[in-house]
Amino acid sequence: MSKKAVTYLVVVFIALALLLHYPFLAIVNKPLFIAGVPIFLIYLTIVWSLLVAIGFLIIRKGNSDDGHGH
């Protein structure tokens, strides 16, 4: 994996990790529900899914740039 890909992974991780701290969690920690599911759980699922998906895309692109042919 290239150094650039590692840098992107660190930046994405830090940015999305910040979304899991107080100011943002306080915004969604309300008694609101969507289809019976608390908005807080939906928020956590979306942030976690973004972290996994973006990380996957960065790693996939980083591996293809290394010339290994995958």
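A 1.4 Å probe run over the stretch 5-58, with the rest of the protein chains in place, finds 73 Å² accessible per residue. Taking 37 °C and 0.692 mPa s as conditions, the chain diffuses translationally at an estimated 239 µm²/s according to Stokes-Einstein applied to its Kirkwood radius (Cα pairs).
Among the protein heavy atoms of the chain, carbon and sulfur supply 75% of the accessible surface, probe 1.4 Å, non-protein parts ignored.
Here each label is just a point 7 Å from Cα along the line to Cβ, and for I14 and I54 those points are 1.3 nm apart. Between the Cα long axis of helix 39-65 and the first principal axis of the chain there is an angle of about 0°, rounded to the nearest 10.
Between the beta carbons of K30 and M1, assuming R0 = 35 Å, the FRET efficiency works out to 0.30 to the nearest 0.05. Once the Cα atoms are used to define both axes, helix 3-18 deviates from the longest principal axis of the chain by about 0 degrees.
The values are calculated or read from the model by the stated rules, or taken from the named source; none is laboratory data. Remember, it's a predicted structure, so these values are computed and weren't measured experimentally. Cβ sites come from the backbone with ideal geometry, for glycine too, and all protein chains shown count toward neighbours. When the accessible area is computed, the model is the full protein with side chains, heavy atoms only, and any ligands, DNA or RNA have been set aside. Shrake-Rupley method; radii C 1.70, N 1.55, O 1.52, S 1.80 Å.
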